[in-house]
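Novice: Let me begin by handing over the structure; questions about it come next.
The values are calculated or read from the model by the stated rules, or taken from the named source; none is laboratory data. A quick note: this is a predicted structure, and the numbers were derived from the prediction, not measured. Cβ: placed from backbone, ideal geometry, glycine included. Neighbour counts: every protein chain shown. The protein model used for the area step is the full one, side chains on, heavy atoms only, and it has no ligands, DNA or RNA in it. Shrake-Rupley method; radii C 1.70, N 1.55, O 1.52, S 1.80 Å.
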Amino acid sequence: MDGPDIGWYLIVAAMLFGIGALGVMLRRSPLIVLLSLEIMLNASNLTLIAFARQRGDLTGQVFALAVMAVAAAEVAIGLGLIVAMARRRLVLDVDQASALRG
Amino acid sequence: MGNFLVWVVWFLAAGGCLATGVAVVNVTNPFFAALALIGNLASLAVLYLLLAAEFLAAAQVLVYAGAVMVMFLFVVAYLGGRADAPWAGGPPLLRTAAVVAAAALLVEVVVVLGLAWGDNLQDPAQVSDSFGSPAEIGELFLTDHLLAFEITSIALLVAAVGGVVLGTTPEKEDE
């Protein structure tokens, strides 16, 4: 294969996953948390596709496509939740939304 | 020479990917965060192309950078100033713990990769030109992975209906 080995793609994916995890843990706006989650999902997608190329097996790409669909569903639900929070005049802060905390 | 060009494209795509990722996590205005994520998704699509995943690269740009992010930008516009997300000061201990956890995750992955590098991560399989083409992916989806395909469609339908239900507030429920 021309260009970098699969390992370089995996390292980029790991760094992206770390960035996304930092965003989820450090930021408190639900919008930014959703965006960071997208970064994490895409990092896992990159890993799946890299391994699909390495093994010459398309199942990884099929799995990545399913992850994409699930991510779209997750964004739809997440944005619905954020809009519902905004309509009830709640503060858009994931630390404040603690009514269900046990 | 073609090899060198691939490396250049790879560096640009990977660098753009990481830079826009940092931007998404770092900026206070969610509008710019969403724009940075579009850049992130686009450079990821370039990496997918280098990995012979043409259909996925196209789907990434169409579905993600197109549909999902437009939906996102609509919500940011709807929320207006309320969507602003300045860096609120949490407990410093928790922040340090978060950074340590993310760094530990990264170090673990890199160490495991370094251990596996010589054996499993070189000399990728030979693939034909049609590897990753819409025809091959579509055939797999309609034969081997038909159940996953149908379940995905149901999940999307449920999510769409759920989003609508969440978005319409009942009038009298709050009292």
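Novice: I need a count of the residues in the stretch B:14-35 that are more than 8 Å from chain A (Cβ to nearest Cβ) and surrounded by 21 or more Cβ atoms within 10 Å (Cβ to Cβ).
Specialist: In the first step, residues of the stretch B:14-35 are kept if they are more than 8 Å from chain A (Cβ to nearest Cβ); the result is B:15-16, B:19-20, B:23, B:26-29, B:31-32, B:35.
Next, from what is left, pick out any that are surrounded by 21 or more Cβ atoms within 10 Å (Cβ to Cβ): B:20.
Qualifying residue count for the region: 1.
Novice: If you go through the stretch A:45-73, how many residues are in contact (Cβ under 8 Å) with a residue 24 or more places away in the chain and either of a type in the set (D, E, K, R) or out of contact with any helix residue (DSSP H, G or I) (no Cβ under 9 Å at 6 or more places or on another chain) (or both)?
Specialist: 1
Novice: Anything in the stretch A:19-52 that is small (Gly, Ala, Ser), at the interface with chain B (Cβ under 8 Å from one of its Cβ atoms) and either in a helix (DSSP H, G or I) or open to solvent by 40 Å² or more (accessible area, probe 1.4 Å) (or both)? List them, or say none. Walk me through how you get there before you give the answer.
Specialist: As a first pass, look at the stretch A:19-52 and keep what is small (Gly, Ala, Ser): A:20-21, A:23, A:29, A:36, A:43-44, A:50, A:52.
Those still in the list that are at the interface with chain B (Cβ under 8 Å from one of its Cβ atoms) too: A:20-21, A:23, A:29, A:36, A:50, A:52.
Answer for the stretch A:19-52, where residues must be small (Gly, Ala, Ser), at the interface with chain B (Cβ under 8 Å from one of its Cβ atoms) and either in a helix (DSSP H, G or I) or open to solvent by 40 Å² or more (accessible area, probe 1.4 Å) (or both): A:20, A:21, A:23, A:36, A:50, A:52.
Novice: Could you check residue B:87 against (1) free of Cβ contacts under 8 Å to residues at least 60 places away in the same chain; (2) part of a helix (DSSP H, G or I); (3) among the hydrophobic types (A, V, I, L, M, F, W, C) and say which number it fails?
Specialist: The number of the failed condition is (2).
Novice: Next up: Hey, among the residues in the stretch B:107-126 that are of a type in the set (Val, Ile, Thr) and facing chain A (nearest Cβ under 7 Å), which one's nearest to the chain's Cα centre (by Cα)? Step through it out loud before you land on a result.
Specialist: Of the residues in the stretch B:107-126, the ones of a type in the set (Val, Ile, Thr) are B:107, B:109-112.
Next, from what is left, pick out any that are facing chain A (nearest Cβ under 7 Å): B:109-110.
Details: B:109: 19, B:110: 20 Å.
Of everything passing the filter in the stretch B:107-126, B:109 is nearest to the chain's Cα centre (by Cα).
Novice: Pick from the stretch A:55-68 the residues that are of a type outside the set (D, E, K, R) and open to solvent by 20 Å² or more (accessible area, probe 1.4 Å): which of them is nearest to residue B:50 (Cα to Cα)?
Specialist: The first filter runs over the stretch A:55-68 and keeps only residues of a type outside the set (D, E, K, R), leaving A:56, A:58-68.
Keeping just the survivors that are open to solvent by 20 Å² or more (accessible area, probe 1.4 Å) gives A:56, A:59, A:63, A:65-67.
Working: A:56: 14, A:59: 18, A:63: 18, A:65: 17, A:66: 20, A:67: 20 Å.
Here the residue is A:56.
Novice: For the stretch A:20-65, name all the residues that are under 17 Å from residue B:63 (Cβ atoms) and polar (S, T, N, Q).
Specialist: Answer for the stretch A:20-65, where residues must be under 17 Å from residue B:63 (Cβ atoms) and polar (S, T, N, Q): A:42, A:44, A:45, A:61.
Novice: Moving on to the next point. Pull out all pairs, ordered by first then second residue, where Cβ-Cβ is under 8 Å, the residues are six or more apart or on different chains, the first lies in the stretch A:74-96 and is in contact (Cβ under 8 Å) with a residue 24 or more places away in the chain and more than 7 Å from chain B (Cβ to nearest Cβ), and the second is assigned to a helix (DSSP H, G or I) and among the small types (Gly, Ala, Ser).
Specialist: Hits for this filter: A:74/B:159.
Novice: When residues of the stretch B:90-134 are filtered for being exposed (fewer than 15 other Cβ atoms within 10 Å of the Cβ), part of a loop (DSSP other than H, G, I, E, B) and in contact (Cβ under 8 Å) with a residue 60 or more places away in the chain, how many remain?
Specialist: Of the residues in the stretch B:90-134, 0 are exposed (fewer than 15 other Cβ atoms within 10 Å of the Cβ), part of a loop (DSSP other than H, G, I, E, B) and in contact (Cβ under 8 Å) with a residue 60 or more places away in the chain.
Novice: Another one. Can you say whether residue A:76 is over 28 Å from residue B:26 (Cβ atoms), within 14 Å of the chain's Cα centre (by Cα) and part of a helix (DSSP H, G or I), as far as the supplied structure shows? Spell out the reasoning first.
Specialist: Details: over 28 Å from residue B:26 (Cβ atoms): no; within 14 Å of the chain's Cα centre (by Cα): yes; part of a helix (DSSP H, G or I): yes.
No, not satisfied.
Novice: Turning to a different aspect of this structure: Which of the numbered conditions does residue B:39 fail, given that it passes all the others? Conditions: (1) facing chain A (nearest Cβ under 9 Å); (2) open to solvent by 20 Å² or more (accessible area, probe 1.4 Å).
Specialist: Of (1) facing chain A (nearest Cβ under 9 Å); (2) open to solvent by 20 Å² or more (accessible area, probe 1.4 Å), only one is false for residue B:39: (1).
Novice: Still on this model: Taking into account only those residues within the stretch A:53-72 that are more than 7 Å from chain B (Cβ to nearest Cβ) and assigned to a helix (DSSP H, G or I), which is farthest from the chain's Cα centre (by Cα)? Give the derivation first.
Specialist: Here is the first cut: in the stretch A:53-72, the residues more than 7 Å from chain B (Cβ to nearest Cβ) are A:57, A:59-60, A:63, A:67, A:71.
Restricting the remaining residues to those that are assigned to a helix (DSSP H, G or I) gives A:59-60, A:63, A:67, A:71.
On the way: A:59: 20, A:60: 17, A:63: 15, A:67: 10, A:71: 7 Å.
The qualifying residue farthest from the chain's Cα centre (by Cα) is A:59.
Novice: Does the stretch A:79-102 hold any residues that are part of a helix (DSSP H, G or I), open to solvent by 80 Å² or more (accessible area, probe 1.4 Å) and of a type outside the set (A, V, I, L, M, F, W, C), and which are they?
Specialist: Of all residues in the stretch A:79-102, those part of a helix (DSSP H, G or I) come to A:79-87.
Those left that are additionally open to solvent by 80 Å² or more (accessible area, probe 1.4 Å): A:81, A:87.
Matches in the stretch A:79-102: A:87 only.
Novice: Let me ask something else about it. More than 8 Å from chain A (Cβ to nearest Cβ), on the phi < 0 side of the Ramachandran plot, part of a helix (DSSP H, G or I) and over 12 Å from the mean Cα position of the chain (by Cα) - does that describe any residue in the stretch B:55-63? Give the derivation first.
Specialist: Taking the stretch B:55-63 first, the residues more than 8 Å from chain A (Cβ to nearest Cβ) are B:57-58, B:61-62.
Within this subset, residues satisfying the condition of being on the phi < 0 side of the Ramachandran plot are B:57-58, B:61-62.
If we keep only those that are part of a helix (DSSP H, G or I) as well, we get B:57-58, B:61-62.
With over 12 Å from the mean Cα position of the chain (by Cα) added as a condition, the list becomes B:58, B:62.
Looking through the stretch B:55-63, at least one residue is more than 8 Å from chain A (Cβ to nearest Cβ), on the phi < 0 side of the Ramachandran plot, part of a helix (DSSP H, G or I) and over 12 Å from the mean Cα position of the chain (by Cα).
Novice: Which one is surrounded by the fewest Cβ atoms within 10 Å (Cβ to Cβ), of the residues in the stretch B:79-89 that are facing chain A (nearest Cβ under 7 Å) and out of contact with any Pro (no Cβ under 7 Å at 6 or more places or on another chain)? I'd like the intermediate steps shown before the answer.
Specialist: Taking the stretch B:79-89 first, the residues facing chain A (nearest Cβ under 7 Å) are B:79, B:82-83, B:85, B:88.
Filter once more, so that each one left must be out of contact with any Pro (no Cβ under 7 Å at 6 or more places or on another chain): B:79, B:82, B:88.
On the way: B:79: 17, B:82: 15, B:88: 11.
Filtering first and then ranking leaves B:88.
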